[in-house]
Amino acid sequence: MSTQAQSFVSDSPILLAESPVSDTPRIDSALEAEDSTEQWNIHGQSTYIVQQKNNFNSPYYGQNSLLNKSEGGGSKSYTFSATAFLGARLWEGAEIYYNPEMFEGTPFNGQLVGLGAFQNGELQKGSFAPPVYYSARAFLRQSFGLGGGKEHVESGPNQLAGNIDKNRIVVSYGKFATLDFFDQNTYSHDPRTQFQNFALFSMGAYGYAADTKGFTYGAVVEWYQDDWIFKVARLAMPTIPNTIQLDYSLSKDYGNQIEATRKHELWGQPGALRALFYQQHAFMGNYQNAISYGQETNTTPDIVSVRSAAQNSWGYGLNAEQAINEDLGVFARWSWNPGQTETQTLDISRSLSGGVTLKGTTWSRPNDTVGVGYAINGISASEITYLQQGGMTAFIGDGALNYKNEQVFETYYSAKVYKDLYISADYQRIANPAYNSARGPVNFFGVRAHIEI
């Protein structure tokens with residue numbers, strides 16, 4: 001999938017550069033013949049990302065700190081993934097998809113710690129060497145046409161070519177990634193081809209449902225009506241935060257979300273605005289409870305020691321994209337959550353991000369893309385106090401904290417080198433890593449290779 005600006009606004013879900021799972025992307029301007037309808041298809045992708053960081057300033061470090069070279073953190077970080085996308089039609093409006101996947105890789109330090117917004121979206125899958133093999137997705141999709149004219153959908157990963165009603169209801173059930181459906185954006189949604197930092201390819205403070213490999217289980221209902229798209233979902237969360245075991249009953253540990261998208265044209269160019277609200281209901285710990293218990297027992301606060309069932313959290317996000325012309329596009333996101341409970345995704349309670357991407361048409365490289373993005377992230381007052389008292393979360397904890405907002409700058413250049421093979425150079429600068437002004441800034445230098453078939 002190319003990262004350049006599109007001539008239409010797609011709500012096609014492409015998370016972790018893996019696959020769209022909705023009926024909207026790749027729509028032709030003219031309706032194709034009925035015989036172009038696919039009964040089955042096979043696609044694939046492979047992505048390799050390698051990164052190194054500088055020997056940044058670190059006067060002290062703790063259990064969950066990102067380490068510099070002198071502290072033993074000089075090794076590279078890399079990820080390597082390969083995915084097969086298998087799809088078939090079952091009956092009228094019904095499609096089934098299955099994605100076997102291979103993954104190998106390791107974060108810096110050998111574990112994913114030390115940042116609010118991690119520098120490689122593929123690292124959500126964990127640390128594995130030698131590689132592991134698993135079923136990434138297995139889901140059923142049923143579409144119900146509501147008229148409004150026809151449009152043709154091209155063949156793609158988890159997408160069968162065919163003619164569909166512009167207005168429709170789509171129900172998806174099974175295993176997939178939350179961000180396959182929610183928080184989409186044409187210019188920044190795919191760390192395998194676009195921005196790689198978590199706070200740029202997604203809303204940083206969106207606590208979406210995911211196991212340790214980034215996938216979930218549940219049901220999503222989408223309603224497409226003219227220029228509007230409405231989505232609702234109940235999705236499984238881990239029975240213990242940040243672990244692999246999901247609550248398949250969808251009754252104890254789950255996430256609810258609703259999102260509305262409004263497509264538009266501004267000065268003749270496509271754009272979209274999205275608003276999302278989500279709720280978490282799960283087995284989690286509360287920061288204030290951990291602080292209070294630590295004071296009562298004269299111990300360092302520990303979020304794990306105060307976990308209890310049926311804890312609730314919530315949040316919201318706003319997401320905008322706008323094409324300036326056929327080559328240039330801009331995007332922006334804002335997200336917020338109260339930050340009272342331990343994270344199920346990232347240690348971010350509020351995040352503002354934005355950026356721009358430009359195709360290389362003006363320098364005779366129309367399939368190349370350059371992107372520049374920036375994000376600023378923060379955490380809640382109760383989590384700040386918890387960290388200042390020496391507490392640790394699943395991902396951050398330096399043993400002490402001189403709080404300041406974490407700031408992320410990222411730029412990349414993606415070059416098409418042969419058919420569907422893209423090579424990218426990526427640079428990120430993260431100031432105040434894990435919200436600690438005493439450490440950093442950290443500079444990350446990376447190379448990415450991505451191919452699709």
Next on the checklist: Consider region 403-429. How many of its residues are in contact with a helix residue (DSSP H, G or I) (Cβ under 6 Å, 6 or more places away or on another chain) and of a type in the set (Ser, Thr, Tyr)?
Outcome noted: 1
Checklist outcome for this item: Given (1) modelled with pLDDT of 95 or more; (2) under 17 Å from the mean Cα position of the chain (by Cα); (3) surrounded by fewer than 21 Cβ atoms within 10 Å (Cβ to Cβ), ALA177 misses just (3)
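Would you say PHE103 is hydrophobic (A, V, I, L, M, F, W, C) and either modelled with pLDDT under 95 or buried (at least 19 other Cβ atoms within 10 Å of the Cβ) (or both)?
Details: hydrophobic (A, V, I, L, M, F, W, C): yes; either modelled with pLDDT under 95 or buried (at least 19 other Cβ atoms within 10 Å of the Cβ) (or both): yes.
Yes.
Against the condition within 19 Å of THR393 (Cβ to Cβ), crowded, with 21+ Cβ neighbours inside 10 Å and either at pLDDT 95 or above or not acidic (Asp, Glu) (or both), how does GLN111 come out, does it pass? I'd like the intermediate steps shown before the answer.
Numbers: within 19 Å of THR393 (Cβ to Cβ): yes; crowded, with 21+ Cβ neighbours inside 10 Å: no; either at pLDDT 95 or above or not acidic (Asp, Glu) (or both): yes.
Against the criterion (within 19 Å of THR393 (Cβ to Cβ), crowded, with 21+ Cβ neighbours inside 10 Å and either at pLDDT 95 or above or not acidic (Asp, Glu) (or both)), GLN111 does not qualify.
Of a type outside the set (Phe, Trp, Tyr), under 30 Å from GLN295 (Cβ atoms) and at pLDDT below 95: is that true of ALA434 in this structure? Steps first, answer last, please.
Values: of a type outside the set (Phe, Trp, Tyr): yes; under 30 Å from GLN295 (Cβ atoms): yes; at pLDDT below 95: no.
For ALA434, the condition - of a type outside the set (Phe, Trp, Tyr), under 30 Å from GLN295 (Cβ atoms) and at pLDDT below 95 - is not met.
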Checklist entry - Looking at THR369, THR361, THR341, THR411, which is the one that is under 30 Å from GLY44 (Cβ atoms) and crowded, with 24+ Cβ neighbours inside 10 Å? => result THR369
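Kindly indicate which of LYS263, LYS231, LYS213 is at pLDDT below 95 and surrounded by 16 or more Cβ atoms within 10 Å (Cβ to Cβ). Break it down stepwise before answering.
Values: LYS263 fails: at pLDDT below 95; LYS231 fails: at pLDDT below 95.
Going through LYS263, LYS231, LYS213 in turn, just one is at pLDDT below 95 and surrounded by 16 or more Cβ atoms within 10 Å (Cβ to Cβ): LYS213.
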Checklist entry - Given the conditions (1) within 30 Å of ALA425 (Cα to Cα); (2) within 20 Å of the chain's Cα centre (by Cα), which single one is not true for GLY255? => result (1)
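Have a look at LEU160, LEU140, LEU179, LEU146 and point out the one that is hydrophobic (A, V, I, L, M, F, W, C) and without any contact (Cβ under 8 Å) to a residue 60 or more places away in the chain.
Selected residue: LEU140, the only one of LEU160, LEU140, LEU179, LEU146 that is hydrophobic (A, V, I, L, M, F, W, C) and without any contact (Cβ under 8 Å) to a residue 60 or more places away in the chain.
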Next on the checklist: Being of a type in the set (Phe, Trp, Tyr), more than 28 Å from GLY390 (Cβ to Cβ) and free of Cβ contacts under 8 Å to residues at least 12 places away in the same chain narrows it down to one residue among TRP267, TRP223; which is it?
Outcome noted: TRP267
Checklist entry - Taking the condition in contact with a Gly (Cβ under 6 Å, 6 or more places away or on another chain), of a type in the set (D, E, K, R) and farther than 30 Å from PHE444 by Cα, does ARG262 pass? => result no
Checklist outcome for this item: Considering region 414-426, residues that are of a type outside the set (A, V, I, L, M, F, W, C) and exposed (fewer than 15 other Cβ atoms within 10 Å of the Cβ), and then whichever is nearest to SER353 (Cα to Cα), we arrive at ASP420
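Can you pull out every residue in region 421-443 that is closer than 30 Å to ILE453 by Cβ and among the β-branched types (Val, Ile, Thr)?
ILE423
Are any residues in region 56-92 of a type in the set (Asp, Glu) and not in a loop (DSSP other than H, G, I, E, B), and if so, which ones?
Within region 56-92, the first condition is being of a type in the set (Asp, Glu), and the residues that meet it are 71, 92.
Result: GLU71, single match.
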Item to check | Matching residues in region 381-394 - criterion: being at pLDDT 95 or above, crowded, with 18+ Cβ neighbours inside 10 Å and not β-branched (Val, Ile, Thr) | outcome: SER382, GLU383, TYR386, LEU387, GLY390, GLY391, MET392
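Within region 191-300, considering only strands (runs of 3 or more DSSP E) that don't extend past its boundaries, which have at least 2 residues that are over 25 Å from GLU104 (Cα atoms) and of a type in the set (Lys, Arg)? Working first, answer last.
Working: elements: 216-225, 228-236, 254-266, 269-284.
Filter on region 191-300 gives 228-236, 254-266.
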Next on the checklist: Looking only at region 375-402, count every residue that is within 21 Å of TYR316 (Cβ to Cβ) and out of contact with any helix residue (DSSP H, G or I) (no Cβ under 8 Å at 6 or more places or on another chain) and tell me the total.
Outcome noted: 2
Next on the checklist: I'm trying to understand the selection: among the residues of region 41-88, which are surrounded by fewer than 19 Cβ atoms within 10 Å (Cβ to Cβ), free of Cβ contacts under 8 Å to residues at least 40 places away in the same chain and within 20 Å of the chain's Cα centre (by Cα)?
Outcome noted: ALA82
Next on the checklist: Take the conditions in contact with a Pro (Cβ under 8 Å, 6 or more places away or on another chain) and either in contact (Cβ under 8 Å) with a residue 12 or more places away in the chain or surrounded by fewer than 18 Cβ atoms within 10 Å (Cβ to Cβ) (or both) and apply them to VAL132. Does it pass?
Outcome noted: no
Next on the checklist: Looking for something touching an Asp or Glu at 6+ places or on another chain (Cβ under 6 Å), modelled with pLDDT of 95 or more and under 24 Å from PHE181 (Cα atoms) - is there at least one such residue anywhere in region 325-332?
Outcome noted: yes
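The values are calculated or read from the model by the stated rules, or taken from the named source; none is laboratory data. Everything quoted here is computed from the prediction, not taken from an experiment. Here the Cβ is made from the backbone with ideal geometry for all residues, glycine too, and neighbour counts use every protein chain on show.
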